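Here is the structure we will look at, set down as structure tokens.
Please treat every number below as a calculation from the coordinates, not as lab data. These numbers were taken from a predicted model, which means no experiment stands behind them.
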């Protein structure tokens, strides 16, 4: 099933490009790169060869789908084990 705006929360995020559009930590604003790891509470975004750890609950993300379309997601909706999140119905 292809990633769409409606089902992005039910897909694997590793490999997608992401930008932090809002965060309680101002040093993370504008962080952009490829998601290389995901845990229950964080996304790890590789930016210019360096890994940045971004908490999900206090951030908003703009994901770029493989088609180039952008989707903004509130990080609080992403909190949880990735393998459990993809099974949830929204």
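Per-structure values
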quantity: Cα pair distances in segment 8-80, grouped into 5 Å bins until the bin that holds the longest one, percent each; calculated: 3, 19, 33, 30, 13, 3
quantity: Residue among 50, 40, 65 with the largest mean-square fluctuation in a Gaussian network model of the chain, springs linking Cα atoms under 10 Å; calculated: 50
quantity: Mean separation of Cα contacts under 8 Å, 6 or more apart, over the residue count of segment 8-80: relative contact order %; calculated: 28
quantity: Over the chain: helical MRE at 222 nm, DSSP H runs n ≥ 4 each giving -39500 (n - 2.57), nearest 500; calculated: -500 deg cm²/dmol
